[in-house]
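Step one of this worksheet: look at the structure below.
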Amino acid sequence: MSKEITSRQQDYSQWYNDLILKGGLADYSAVRGCMVIKPYGYALWENMRDQLDKMFKETGHQNAYFPLFIPKSFLSKEAAHVEGFAKECAVVTHYRLMNDPNGGGIIVDPEAKLEEELIIRPTSETIIWNTYKTWVQSYRDLPLLINQWANVVRWEMRTRLFLRTTEFLWQEGHTAHATAQEAIDETIQMLNVYAEFAEEWMAMPVIKGVKSINERFAGAVDTYCIEAMMQDGKALQAGTSHFLGQNFAKAFDVKFSDKQNKLDYVWATSWGVSTRLIGALVMAHSDDEGLVLPPKLAPIQVVIIPIYKGDEQKNLIDEKVKDLMLMFKALGIKAKYDDNDNNRPGWKFAEYEMKGVPVRIAIGARDLEKNVVEVARRDTKEKMTVSIDGLAEAIHVLLNDIQQNIYSKARKYRDENISKADTWEEFEKLLDGAGGFISAHWDGSAETENKIKELSKATIRCIPLNNLQEEGKCILTGNPSKERVLFARAY
RNA sequence: CGGGAUGUAGCGCAGCCCGGUAGCGCACACGUCUGGGGGGCGUGGGGUCGCAAGUUCGAAUCUUGUCAUCCCGACCA
């Protein structure tokens, strides 16, 4: 079977690429580092986006849209920010093309040079804060709770489908507050929204934490994150929420009058998740037969495949399926009836397995006589015979069960792959073995963190929230430490 | 930006060493038998061999250059 997919054991990276390409999520494009998101992959993204959008609105946010282009000068206003992004920006320098006077096609018109170059947004803090300056005068204008769904461009050296592409889709929340505490509360609130989404919807367990200084967002005071573990033991940052302090307000001169008519800079947050989550979803649950999608996000939750000889049987099956589809719809189950006669049942079985459809129903003349169908679940590959009476309800229960099961499986895997290291030798041994998260003491210095990264390629993924405080010694330097942090090799 | 590969039909590849009418599998079209795990048989359509120059009577094949993409590293969501 699955003859087209490289196994995880054989080549994990290739397995991942195979799933994306052969599962029909995305394709390479004519542009280096950029991908085409195909309808099936985009449907998955739409489901994620819709749910997140709902959660943002439930927490009081509104959507808006800011320009794709950012004047170059904006980017330099916040020192740490420009340093973080300068190396990976696409720059627009001209606004017109012309026919090459020497023949041979079209060239950039040298006359059409822009006075000030425009940066294609790598993130929108600067253009947004430049705008907020005109929106905020008084504490009455606060808080400002805005989200934007957009594309951004980061000119990365090396790209990977969904995990790191030159252009990607994301959402970025940008909020402004009257007090530091309020902004911190917002930062944590959105971190919790992300964690809830990852766990409840993606069925992907995550660890909430705060980043070390080295891993902090360019321009933030504190960066909070959710970290997930992939099946190869590597970590993947699935979402970030930043407390920006007054850094951007100061850079863009955004002040407000408080109740006492005292002027102060506003406090800011920003938070985002991207199409990278699709990569996380793929790597968290899928197997060597293809994708395994969580029912709550799957574009197709149930596929029905007819098995028949001749029109007579087909007609009988069509009739029955029509009823079933109505019942599925009534329960909000997204079902697809694939009666395409071009492909035979066996082909379809393999195809939908590759696409990760949670439940497959096969229905043939033989089943109709007995008033049953064959139900197969993607996560365990288990098949069972189920009565047509009450089928929709049974499937509803099954979908929930699958959602739970893949979460539990991922959770179990992750928990089994978090280990403690108390010496450098242990640390290295663990990393070169199963990998995973390694909980270890660290002396808190950026220097030590860099050295550990250099020696082992592992980085501090996060300092978990509500972390246990305990005395210990840094695994590298032996200097005193108050708590363990999570290390891992990461995507 | 360093290292490694690859560009030949829509996709995956062979052919290149040793130059002589461009091939295979899948997909596609038509017909037919089929149908409970990627079907069988038959017929058929589709390619300036990435691009450019050179060597040659003759280049997918040899030479030089060039462009592009992918993979592995350093950088990052």
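Along the axis of the charge dipole computed for the stretch A:349-491 (Cβ charges of +1 for Lys and Arg, -1 for Asp and Glu, origin at the Cα centre), the listed residues A:Gly356, A:Gly433, A:Gln469 are led at the positive end by A:Gly356. Rounded to the nearest Hz, the phi-derived 3J(HN,Hα) couplings of the stretch A:361-377 under the Karplus curve 6.51 cos²θ - 1.76 cosθ + 1.60 (θ = phi - 60°) are 10, 10, 9, x, 4, 4, 5, 4, 4, 9, 6, 9, 9, 9, 10, 10, 9, where x marks glycine and proline. Around the Cα centre of the stretch A:76-177, unit charges on the Cβ atoms of Lys, Arg, Asp and Glu (plus for the first two, minus for the last two) sum to a dipole of about 360 debye. Annotation: amide H of A:Asn63 within the under-5 Å range of A:Asn147, sequence separation 5 or more or interchain, hydrogens built in the peptide plane. Projected onto the charge dipole of chain A (+1 at Lys/Arg Cβ, -1 at Asp/Glu Cβ, origin at the Cα centre), which of A:Thr179, A:Ala86, A:Trp267 gives the Cα projection farthest towards the positive end? Working it through, the farthest residue towards the positive pole turns out to be A:Ala86.
Per-atom-type breakdown for chain A gives carbon and sulfur 50% of the accessible area (1.4 Å probe, protein chains only). Counting only DSSP H runs of at least 4 residues, each contributing -39500 (n - 2.57), and dividing by the residue count of chain A, the helix-based mean residue ellipticity at 222 nm comes to -10500 deg cm²/dmol. Counting only residues at least eight positions apart within a chain, or on another chain, the aspartates and glutamates with an alpha carbon under 12 Å from that of A:Lys473 are A:Asp422, A:Asp443, A:Glu483.
Farthest towards the positive end of the charge dipole of chain A, among the residues A:Leu326, A:Phe56, A:Leu316, is the Cα of A:Leu316, using unit charges on the Cβ of Lys, Arg, Asp and Glu. Averaged over its residues, the stretch A:426-491 has an accessible area of 51 Å² per residue, based on protein heavy atoms and a 1.4 Å probe. Cross-link pairs exceeding 29 Å between alpha carbons, from the set A:Lys234/A:Lys381; A:Lys87/A:Lys412; A:Lys77/A:Lys234: A:Lys87/A:Lys412; A:Lys77/A:Lys234. Centre-to-centre separation between the Cα atoms of the stretch A:127-180 and those of the stretch A:188-263: 12 Å. Around the amide H of A:Met204, modelled in the peptide plane, lie the amide H atoms of A:Glu199, all under 5 Å away and 5 or more residues distant in sequence or on another chain.
Please compare each pair in A:Lys57/A:Lys322; A:Lys57/A:Lys420; A:Lys57/A:Lys250; A:Lys296/A:Lys383; A:Lys72/A:Lys482 to a cut-off of 31 Å on the Cα-Cα distance and tell me which ones are over it. Over 31 Å Cα-Cα: A:Lys57/A:Lys322; A:Lys57/A:Lys420; A:Lys72/A:Lys482.
Can you pull out the chymotrypsin sites (Phe, Trp or Tyr not before Pro) in the stretch A:49-101 whose DSSP state is coil and whose Cβ has at most 14 other Cβ atoms within 10 Å?
Sparse-neighbourhood loop chymotrypsin sites (Phe, Trp or Tyr not before Pro): A:Tyr65, A:Tyr95.
Taking loop as defined by DSSP and a crowding limit of 10 other beta carbons within 10 Å, which GluC sites (Glu not before Pro) in the stretch A:101-152 fit? Answer by residue number: A:Glu111. The charge dipole of chain A, taken about the Cα centre with unit charges on the Cβ atoms of Lys, Arg (+1) and Asp, Glu (-1), comes to about 120 debye, rounded to the nearest 20.
The Cα center of the stretch A:284-311 and the Cα center of the stretch A:35-113 differ in position by 35 Å. By its C-alpha gyration tensor, with a ≥ b ≥ c as the square roots of the eigenvalues, how is the stretch A:337-403 shaped: rounded for a/c under 1.5, else prolate for a/b larger than b/c, else oblate? The shape class here is oblate.
Counting only DSSP beta bridges whose two residues both lie in chain A, roughly 80 percent are antiparallel.
The values are calculated or read from the model by the stated rules, or taken from the named source; none is laboratory data. This one's a predicted model, so the numbers in the text were calculated from it and none came from an experiment. Here the Cβ is made from the backbone with ideal geometry for all residues, glycine too, and neighbour counts use every protein chain on show. Note: accessible area is taken over every heavy atom of the protein model, side chains too, but ligands, DNA and RNA are not part of it. Shrake-Rupley method; radii C 1.70, N 1.55, O 1.52, S 1.80 Å.
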